[in-house]
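The values are calculated or read from the model by the stated rules, or taken from the named source; none is laboratory data. Treat the numbers as computed from the prediction; the structure is a model and nothing was measured. Cβ atoms come from the backbone with ideal geometry, glycine included; neighbour counts cover every protein chain shown. Ligands, DNA and RNA are excluded from the accessible area calculation, which covers all protein heavy atoms including side chains. Shrake-Rupley method; radii C 1.70, N 1.55, O 1.52, S 1.80 Å.
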Amino acid sequence: DHVGVATVDLEKGTTAQGKYLDVGATLTVEVSEGIPLGHKLSITRISGDQPVIEYGQEIGRAIHEIQPGNHVHTHNIKSMRW
């Protein structure tokens, strides 16, 4: 997967800690911008026009490069739904 979901509001400059639900492995990501509860956070670098994967499913395509720790939302991905 390329993104995780914020389970709390994340503040810029903090370190987010997460867990892969399928294998139980943990990860940490430096948060580069504020991310509201329930929104997506990039956990890897995503190239422009690359598919964005969440829970093993393609949810859209990156409009431009997205760095780890960036907020992933309609401003930087084109949704598969519309």
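Assorted remarks:
- 2 or more residues open to solvent by 50 Å² or more (accessible area, probe 1.4 Å) and under 16 Å from N76 (Cβ atoms): qualifying strands (runs of 3 or more DSSP E) within the stretch 5-64: 57-62
- Those residues of the stretch 65-80 which are surrounded by 12 or more Cβ atoms within 10 Å (Cβ to Cβ) and farther than 20 Å from D9 by Cα, in sequence order: E65, I77, K78, M80
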